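The values are calculated or read from the model by the stated rules, or taken from the named source; none is laboratory data. All values reported here derive from a predicted model rather than from experimental measurement. Using ideal geometry, Cβ is built from the backbone for each residue, glycine included, and neighbour counts are taken over all protein chains shown.
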Amino acid sequence: MSEELGITVKKKENFDEWYIQTILRSELADYSDVSGCLILRPDAYFIWEQIQKYTDKEFKKVGIKNVYFPLFIPEKLLNREKEHVEGFNPEVAWVTYAGERELDERLAVRPTSETIMYPSYSKWIRSWRDMPLRFNQWNNVVRWEFKHAVPFLRTREFLWNEGHTVFATEKEALAEQEEIVNIYKNITENVLAIPSIIGNKTEKEKFAGAVFTIAFEHMLPDGRAIQGPDFHHDGQKFAKAFDITFLDKKKERKYAWQNTFAISTREIGVMISLHSDDKGLVLPPKVALTQVVIVPIYKTENRNDVLKEARKIENTLSDFRTQVDDRDGVSPGFKFNEWELKGVPIRLEIGPKDIEKKQVVLVRRDTGKKSIVKINNISKEIENLLDGIHSNLLENAKKIMENHTHIAKNYDDLKEIIKTKMGMVKVCWCGEKKCEEKIKEDTTAKIITIPLKQENVNKCICCGKKAKYSVLVAKTY
């Protein structure tokens, strides 16, 4: 464990410091010697593995196959995208030397993979029979932005999936949106217990190469929003940039239609922010490396008997990720605090008196509630508790979002809410860029989404003209 155990600040009083302490002192992650790059320790990497596992399983069900393309991208390929995509700003890190020899051409460290993948797509796709081509990568990317790095939420290197799909018709490409959005919704809600508002990005905020972007928006307890998984319909922009063409059924040459989509390690940061408390991490059961920790309580004379029973219970709970804390020289109270800091969903306590009564004490990490359970009924009770913990975390996270969602009556009201309450503010917007930019200039917040589920619209909050959309405005990470 860390030299200083426990969290020394309150989540509500100093969210930023609480967040950093929670990550470092729970031994979830650590800083590296490279500024803005994070070390994922075993518990954190296990969480990412579970996100991968559940997402990848769903991808494969719908026919998406995994591939791998190089980490390095020749500058000439990156420039081909720049020439065709307005607003292109990859924040690239460059490799210029190999040993003492300067390279003939600079190599970009992958900020995203369109430019290294699509020349191959252009070679592989010749006919309508070659599509749909639905590939995905699980990899790391580097974006050397110079904003303040925040572990998981904003780092220069992060892990993600990159879906890059190609279709013969626009209709087929557009149909993929619902499929991918539902997969990500399942992961965020049913695995990570994270609620979202799903909607379109504005023209100003969408991915530079996209026709439109659908994104998940999360609300953190400090009142700031952050973007989660996203889906981009890229139309034929990249197909024209990289000459991805095919002969259709009428033997006519056409440009293909493309989509891209991703979920990243940012979701780990969102999960930490929403669920954890002043004692440390609170982990959703499906992503916890240890779901049940067994803490045997004994004295020297009954140590062996208690440990023997603890091991038997561990075997009984083989369907769960269970660990016996059998360390000597460490008090039960210290162990309790340590496992609370690490966010293990259930603590199981057993001592000599419990053995006599053929029972154990179960303690939920999310609520701290204790229950006494007979040993012969323990597996079913653990299963029910884990399900209940997930449901409780999701409901509490939904309440955070609800409590941070406001309605502005007029423009002054919008500015006052953003200044004093933060959170997401529901307003109506005319769709004009000048009003979008004015809102950002006056409030330092921005339009984060045009929700898919639109509410009644009337006048634009900014200019008073007839509105086109109901939108959400918030400060963001």
Among residues of the stretch 158-176, those that are in contact (Cβ under 8 Å) with a residue 24 or more places away in the chain and surrounded by fewer than 18 Cβ atoms within 10 Å (Cβ to Cβ), counted: 4
The stretch 242-267 residues that are in the same structural domain as residue 172 (by TED's automatic domain parsing) and at positive phi, paired with ones that are modelled with pLDDT of 95 or more and in a helix (DSSP H, G or I) (beta carbon under 8 Å, 6 or more apart): 243/122
Subset of the stretch 298-344 [assigned to a loop (DSSP other than H, G, I, E, B) and either outside the structural domain of residue 365 (by TED's automatic domain parsing) or of a type outside the set (A, V, I, L, M, F, W, C) (or both)]: 298, 299, 318, 319, 321, 325, 326, 327, 328, 329, 331, 343
All positions within the stretch 102-145 that are within 24 Å of the chain's Cα centre (by Cα) and in a loop (DSSP other than H, G, I, E, B): 110, 111, 112, 113, 143, 144, 145
Counted residues, the stretch 356-372 - those being closer than 16 Å to residue 340 by Cα and touching a residue at least 12 places away in the same chain (Cβ under 8 Å): 7
Members of the stretch 292-304 that are more than 20 Å from residue 22 (Cβ to Cβ), of a type outside the set (Ser, Thr, Tyr) and surrounded by 16 or more Cβ atoms within 10 Å (Cβ to Cβ): 292, 294, 295, 296, 297
Selected residue (only one of 289, 307, 341, 281 is without any contact (Cβ under 8 Å) to a residue 24 or more places away in the chain, surrounded by 15 or more Cβ atoms within 10 Å (Cβ to Cβ) and of a type outside the set (D, E, K, R)): 307
Positions within the stretch 216-258 being under 27 Å from the mean Cα position of the chain (by Cα) and polar (S, T, N, Q), in sequence order: 227, 258
Pairs where the first residue, in the stretch 373-388, is on the phi < 0 side of the Ramachandran plot and the second is assigned to a helix (DSSP H, G or I), C-beta under 6 Å, 6+ apart: 373/381; 386/285
Selected residue (only one of 438, 419, 426, 433 is in contact (Cβ under 8 Å) with a residue 12 or more places away in the chain and crowded, with 16+ Cβ neighbours inside 10 Å): 426
Sole exception among (1) among the small types (Gly, Ala, Ser); (2) over 26 Å from the mean Cα position of the chain (by Cα); (3) at negative phi for residue 431, by number: (3)
Tally of residues being surrounded by fewer than 19 Cβ atoms within 10 Å (Cβ to Cβ), in contact (Cβ under 8 Å) with a residue 40 or more places away in the chain and over 18 Å from residue 209 (Cα atoms) across the stretch 111-127: 3
Subset of the stretch 383-427 [farther than 30 Å from residue 320 by Cβ, assigned to a helix (DSSP H, G or I) and polar (S, T, N, Q)]: 403, 420
Condition check for residue 398: over 25 Å from the mean Cα position of the chain (by Cα), outside the structural domain of residue 193 (by TED's automatic domain parsing), surrounded by fewer than 19 Cβ atoms within 10 Å (Cβ to Cβ) and modelled with pLDDT of 95 or more: no
